[in-house]
Amino acid sequence: MEQRGVRTPSQPYLPTPILCPQSADQSPTLAPTLFPASPPDQLRFSQLLDLVLWLLGRRRRLRVVGESMVPLLRPGEEVLINPRSYGHTPPQPGDLVVAEHPGRPGLELIKWVVYGQGDNYFIAGINLAASTDSRSFGLVHRKKLLGKVVCRFP
């Protein structure tokens, strides 16, 4: 029997099918029942180069709040993000990103990129039961992606 919202080694990641709003002026569409990418299951620890780049201002430090990325990231853990990651190359499915919440300016969310559609991206938490993500606010424009999560800090 397949379980939705759960990933096992022998089966792909299957979220619960839901309606996903595209934007305020578009009708909702059915979100994919089989994500084209699986959420990341590991994140490396920082290395000396990461710390140097952080000290030089080329990385940003961010503290995890909430349980949407459990078990990968737990509340209170810190990560480094590269705010320049998506200047010339688009996000890829499976990337961990920091995005500005479309409806609450200033609120930053750590999510993973499920799929892209032009300059818009469906982002989700790993722990779907505790995540506010594209299932509730729709696709996120590339301009709202603030950077790629590159490692844990320190």
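The values are calculated or read from the model by the stated rules, or taken from the named source; none is laboratory data. Given the structure is predicted, the values throughout are model-derived calculations rather than measurements. Every residue, glycine as well, gets a Cβ built from its backbone with ideal geometry; the counts of neighbours run over all protein chains shown. Ligands, DNA and RNA are stripped out before the accessible areas are found, and what is left, the full protein with its side chains, is counted by its heavy atoms. Shrake-Rupley method; radii C 1.70, N 1.55, O 1.52, S 1.80 Å.
Can you tell me which residue among Arg61, Arg104 is at pLDDT below 95 and either within 13 Å of the chain's Cα centre (by Cα) or not β-branched (Val, Ile, Thr) (or both)?
Only one candidate passes the filter, namely Arg104.
Could you please find all residues in the range 82-105 being within 14 Å of Pro39 (Cβ to Cβ) and among the small types (Gly, Ala, Ser)?
Gly94
Could you tell me whether any residue of the range 104-117 is open to solvent by less than 70 Å² (accessible area, probe 1.4 Å), of a type in the set (Lys, Arg) and within 24 Å of Phe45 (Cα to Cα)?
Looking through the range 104-117, at least one residue is open to solvent by less than 70 Å² (accessible area, probe 1.4 Å), of a type in the set (Lys, Arg) and within 24 Å of Phe45 (Cα to Cα).
Under the condition of being surrounded by fewer than 23 Cβ atoms within 10 Å (Cβ to Cβ) and under 20 Å from Arg60 (Cα atoms), which residue from the range 118-146 is farthest from the chain's Cα centre (by Cα)?
If we take residues in the range 118-146 being surrounded by fewer than 23 Cβ atoms within 10 Å (Cβ to Cβ) and under 20 Å from Arg60 (Cα atoms), then Lys143 is farthest from the chain's Cα centre (by Cα).
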